[in-house]
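Worksheet: one structure, shown below.
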Amino acid sequence: MATDRYSSPLSERYASKEMQYIFSQDKKFKTWRELWIALAETEMELGLSEDGKPVITQEMIDELIAHKDEINYDVAKAREKEVRHDVMSHVYAYGQLCPKAAGIIHLGATSCYVGDNTDVIIMRDGLRLVRKKLLNVIAELADFAEKYKDLPTLAFTHFQPAQPTTVGKRATLWINEFMMDLEDVDFVLSTMKLLGSKGTTGTQASFKELFNGDDEVIDKIDPMIAKKMGFDQCYPVSGQTYSRKLDTRVLNVLAGIAASAHKMSNDIRLLQHLKEVEEPFEKNQIGSSAMAYKRNPMRSERIASLADYIICDALNPAIISSTQWFERTLDDSANKRLSVPEGFLSCDGMLDLCLNVVDGLVVYPKVIEKHIMAELPFMATENIIMDGVKNGGNRQEYHEQIRVRSMEAGRTVKEEGKDNDLLERIANDEFFGLDLEDLKAYMNPSLYVGRSPRQVEVYLRDTVRPVLDANKDELGLTAEINV
């Protein structure tokens, strides 16, 4: 690694080798060559000829295929210094390896034929990897939810103690958002199309010239190229480029995943503060350079940090797509080279962190129980009121008596630092006609979690597991965290 110049933390610290390869130079230029082969094959198969002789022969195609993975970067780089054009430099470099086919490489195409089609292919492959990691995060969370579906814990609204839920039920809230993201990923993947070969302004004028205006033949070009490159179809109309709204759509999906991951990481960080749930902490890990006892939730914090970046990054293609002029301007290029790869690399690193954190989450039932029991007397009052009314009492009178004593007990807890003595206050009041033994029956946390265990079971059985079963070949990933 060069230490005298900037290197991206996305490649050095966060993103996986798999995602880095998808956005690598090798992947890019090998795909360019696959596209040139697809174009040449299509033109040959459609009978492109001059004076009755085929313009492209199988011998030329075979030569192109034989050298498609031999990227002669040195030749392309030297040529680009002369001509200042990356596509034509690589056309030249490919031609040096394929002298018989050199004259027909890129025939009828414009630079966006390789540039834009490759971008679509790379984004598709990137989304497939994102999808795989997303499924694995969902699978780990599903196992976690199943394991803790019955464990009562305080729920919070406004981060104030509220009616209990279970640890597993809370995890289903995280799963549900990731499942929504999975739907979005699948939708975008199912609707992605290639640009095809539309020519300099999207009119296919060059192919009208090549095929002597034969519209029926020209209509077959894009579908044939799409099939060769693993797509169902090409966009039916375009300017020189595919609509940059595709980039917006793709990065918005990544931003959606980031929002879900951020929400989960926030919850975990808050729970770690409460000492109820903790992210994995390695034996020799240091939490603070000054405070040796610290166990900071650094992985969850990193999830949040990358998520913030991804969410902001999604603004880039939105601005670019709104400011493209007519059939083509080049003010998208520099921005796109940064925003799309960095969005994917960030999302990849973030999902690896999610997988690592969820896989190693530690739950502390005793702390959870302590917290819930400290608040349970307040929450038990609703049941006390309902039972009192069942026995002939007045609901409003019971409510007022409970309210007054709850305020007194709360004041004791907050101002004097004492334990919650609400039950003792109720037991000592003749109005309720209950003693402490009677009230103990109300102090079972499981009485107050509603249908949480059942909701977890049904949600996992009917919604989550069928998706995971349908994608079982994608499961089993483990995440390697660099730092």
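The values are calculated or read from the model by the stated rules, or taken from the named source; none is laboratory data. Computed from a predicted model, the values in this text were never measured in an experiment. Reconstructed Cβ throughout: ideal geometry from the backbone, glycine too, with neighbour counts over all protein chains shown.
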Pro317 - would you say it is crowded, with 22+ Cβ neighbours inside 10 Å and either in the same structural domain as Arg403 (by TED's automatic domain parsing) or not in a helix (DSSP H, G or I) (or both)? no
Search the stretch 356-373 for residues that are in contact (Cβ under 8 Å) with a residue 12 or more places away in the chain and pair each with any residue that is surrounded by 14 or more Cβ atoms within 10 Å (Cβ to Cβ) and aromatic (Phe, Trp, Tyr) when their beta-carbon atoms are under 7 Å apart and the residues are at least 6 apart or on different chains. Val358/Phe144; Leu361/Phe144; Val363/Tyr148
Is it the case that the stretch 344-364 has a residue that's polar (S, T, N, Q), assigned to a helix (DSSP H, G or I), out of contact with any Ser or Thr (no Cβ under 6 Å at 6 or more places or on another chain) and crowded, with 21+ Cβ neighbours inside 10 Å? yes
So is Ala205 crowded, with 21+ Cβ neighbours inside 10 Å and not assigned by TED's automatic domain parsing to the domain that holds Pro377 or not? no
Answer from Leu127, Leu141 - the residue that is in contact with a Leu (Cβ under 6 Å, 6 or more places away or on another chain), surrounded by 22 or more Cβ atoms within 10 Å (Cβ to Cβ) and within 22 Å of Gly256 (Cα to Cα): Leu127
Among the residues of the stretch 40-96, write down those that are assigned to a loop (DSSP other than H, G, I, E, B), among the β-branched types (Val, Ile, Thr) and out of contact with any Asp or Glu (no Cβ under 8 Å at 6 or more places or on another chain). Thr57
Can you confirm whether Arg337 is assigned to a helix (DSSP H, G or I) and among the basic types (Lys, Arg)? yes
Pairing a residue in the stretch 401-417 that is closer than 19 Å to Gly433 by Cα with any residue that is aromatic (Phe, Trp, Tyr) and outside any helix (DSSP H, G or I), where Cβ atoms lie under 7 Å and the two sit 6 or more apart in sequence or on different chains, gives Gln401/Phe431
Quick one: how many residues across the stretch 169-226 are out of contact with any Phe, Trp or Tyr (no Cβ under 6 Å at 6 or more places or on another chain), part of a helix (DSSP H, G or I) and among the polar types (S, T, N, Q)? 4
Do we have Arg84 as out of contact with any Gly (no Cβ under 8 Å at 6 or more places or on another chain), buried (at least 18 other Cβ atoms within 10 Å of the Cβ) and over 14 Å from Ala40 (Cα atoms) here? no
For the stretch 438-475, which positions are in a loop (DSSP other than H, G, I, E, B) and closer than 27 Å to Asp150 by Cβ? Ala441, Tyr442, Met443, Asn444, Val449, Gly450, Arg451, Leu475
Take the residues in the stretch 413-422 that are surrounded by 13 or more Cβ atoms within 10 Å (Cβ to Cβ) and either in contact with a Ser or Thr (Cβ under 7 Å, 6 or more places away or on another chain) or modelled with pLDDT of 90 or more (or both); name whichever of them is farthest from Phe378 (Cα to Cα). Asp421
How many residues of the stretch 374-408 are among the aliphatic types (A, V, I, L, M) and either surrounded by fewer than 14 Cβ atoms within 10 Å (Cβ to Cβ) or not in a helix (DSSP H, G or I) (or both)? The answer is 3
One residue from Leu127, Leu135, Leu151 being among the aliphatic types (A, V, I, L, M), in contact (Cβ under 8 Å) with a residue 12 or more places away in the chain and touching an Asp or Glu at 6+ places or on another chain (Cβ under 6 Å): Leu135
Which members of the stretch 31-66 meet the condition of being buried (at least 17 other Cβ atoms within 10 Å of the Cβ) and not aliphatic (A, V, I, L, M)? Thr31, Trp32, Arg33, Glu34, Trp36, Glu41, Thr42, Glu43, Glu63
Would it be correct to say that Ser190 is surrounded by fewer than 20 Cβ atoms within 10 Å (Cβ to Cβ), at pLDDT 95 or above and closer than 29 Å to Leu351 by Cβ? yes
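Table: residues versus (1) loosely packed, with under 15 Cβ neighbours inside 10 Å; (2) touching a strand residue (DSSP E or B) at 6+ places or on another chain (Cβ under 9 Å); (3) assigned to a helix (DSSP H, G or I); (4) modelled with pLDDT of 95 or more.
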{"position": "Leu271", "(1), (2), (3), (4)": "no, yes, yes, yes"}
{"position": "Phe281", "(1), (2), (3), (4)": "no, yes, no, no"}
{"position": "Gln285", "(1), (2), (3), (4)": "yes, no, no, no"}
{"position": "Ser300", "(1), (2), (3), (4)": "no, no, yes, yes"}
With respect to the numbered conditions (1) surrounded by 16 or more Cβ atoms within 10 Å (Cβ to Cβ); (2) within 26 Å of Val185 (Cα to Cα); (3) at pLDDT below 95, which one is the sole condition not fulfilled by Ser333? (1)
